[in-house]
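Structure first, then comments.
The values are calculated or read from the model by the stated rules, or taken from the named source; none is laboratory data. All figures in this text were calculated on a predicted structure; none of them were measured in a lab. Because the Cβ atoms are built from the backbone with ideal geometry, glycine has one as well, and the counts that use them run over all protein chains shown. These area figures cover heavy atoms from the full protein model, side chains too; ligands, DNA and RNA do not enter into them. Shrake-Rupley method; radii C 1.70, N 1.55, O 1.52, S 1.80 Å.
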Amino acid sequence: MQRYFVDPEQMEEGYVTITGDDVNHIVRVMRSRVGDELICCNGRGRDVRGAIEEIGADAVRIRILEEGLPNRELPVQVTIAQGLPKGDKMELVIQKGTELGAFSFYVFTSKRTVVKLDDKKEKKRLERWQKIAKEAAEQSHRSRVPEVGSVLTWRELLATASRFHYALFAYEKEETATLRRTLSEVPPGSNVLIVIGPEGGFDETEAAEAEAAGFRSVSLGRRILRAETAPLYALSCVSYEFEQQE
């Protein structure tokens, strides 16, 4: 059953009004008709099943049939901070990371970041990334769409550590503290930041700066992962730790 995200004010008592690009998707892509059922989410934990009651040129009106659908979110809120990679790799990270349950995404630049974005390019990329997150959240039946924040500098990223219960820094030279062992200390309901470097990784100075800012370095295993593989590996570890052992 197709899932759509709406603004909270579009979800009333008994009805949902869908507007914008989703109207075209419902009518022209899905070829839905009056009576067809779908799922609507307000991004704040309210998911409902409804039936199309009216199709207009600019809006589709949904009559709510069922409230309180199953929660499919991770038991912990994981923010992935990804060093800006080359090409369209960030799109892959956001799409698959959303499917795997990421709560939000930070994008940052550091010493070994190759890509440079001006304000115009950044705005266009952010719009694209947020759209990808929305589509992936709908496809994977998430209850919320991860937010993709503006591109941060390395210093700005370091300053975010205090916002999280656990701020983790994936570092290839870490030999003792594994992500698996660290996650075993994290209680459900925590918010966790996991920092992944760009293609060139981090140098020792950056590792020391991260530790001084309150980050804990962790190993993602014996092999060196690509920049776009590492966050997906980390989210898979989180899912295994909190969802697959129930």
Exercise. Within 10 Å, count the other beta carbons around each residue, average over each peptide in 162-170, 78-86, and list them highest first.
Key: 78-86, 162-170
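Tell me, what % of the accessible area of the chain is carbon and sulfur with a 1.4 angstrom probe? Intermediate values should be presented prior to the final figure.
On the way: 5880 of 13050 Å².
C and S atoms contribute 45 percent here.
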Quiz item: Which of 166, 221, 59 sits closest to the plus end of the dipole of the chain, meaning its Cα is farthest towards the positive end, when Lys and Arg get +1 and Asp and Glu get -1 on the C-beta?
Solution: 221
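Counting only heavy atoms of the protein chains, get the accessible area per residue of segment 79-188 (1.4 Å probe) and round it to a whole Å² value. All intermediate terms of the calculation are to be shown ahead of the outcome.
Values: 5720 Å² over 110 residues.
Roughly 52 Å² per residue, with all protein chains present.
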Self-check item: Dipole in debye (nearest 20) - the chain, about Cα centre, beta carbon charges: Lys, Arg +1; Asp, Glu -1
Solution: 680
Self-check item: Chain lengthening between residue 15 and residue 213 when straightened (0.36 nm per residue, less Cα-Cα)
Solution: 66.5 nm
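Which three numbers, in whole Å and largest first, are the semi-axes of the equivalent ellipsoid of segment 77-193 derived from its Cα gyration tensor as √(5λ)?
Details: eigenvalues 108, 77, 32 Å².
Semi-axes (√(5λ), whole Å): 23, 20, 13.
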Practice problem: Pop the C-beta distance of residue 226 and residue 123 into the FRET formula with R0 = 25 Å and round what comes out to the nearest 0.05. | Solution: 0.40
Practice problem: Under a 10 Å cutoff between Cα atoms, tell me which one of 124, 134, 111 has the largest fluctuation in the Gaussian network model of the chain. | Solution: 124
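Tell me the Kirkwood hydrodynamic radius of segment 97-160 in angstroms, computed as one over the mean inverse distance between distinct C-alpha pairs.
Numbers: mean 1/r = 0.0783 Å⁻¹.
It works out to 12.8 Å.
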Exercise. Could you give the C-alpha radius of gyration of the chain expressed as a fraction of 2.2 N^0.38 Å, taking N as the number of residues it contains?
Key: 1.11
Practice problem: Once you have the Kirkwood Rh of segment 167-243 from its Cα pairs, apply Stokes-Einstein at 20 °C and 1.002 mPa s and quote D in µm²/s. | Solution: 168
Quiz prompt | For segment 1-139, size of Cβ-based charge dipole, Lys and Arg +1, Asp and Glu -1, in debye | solution = 1060
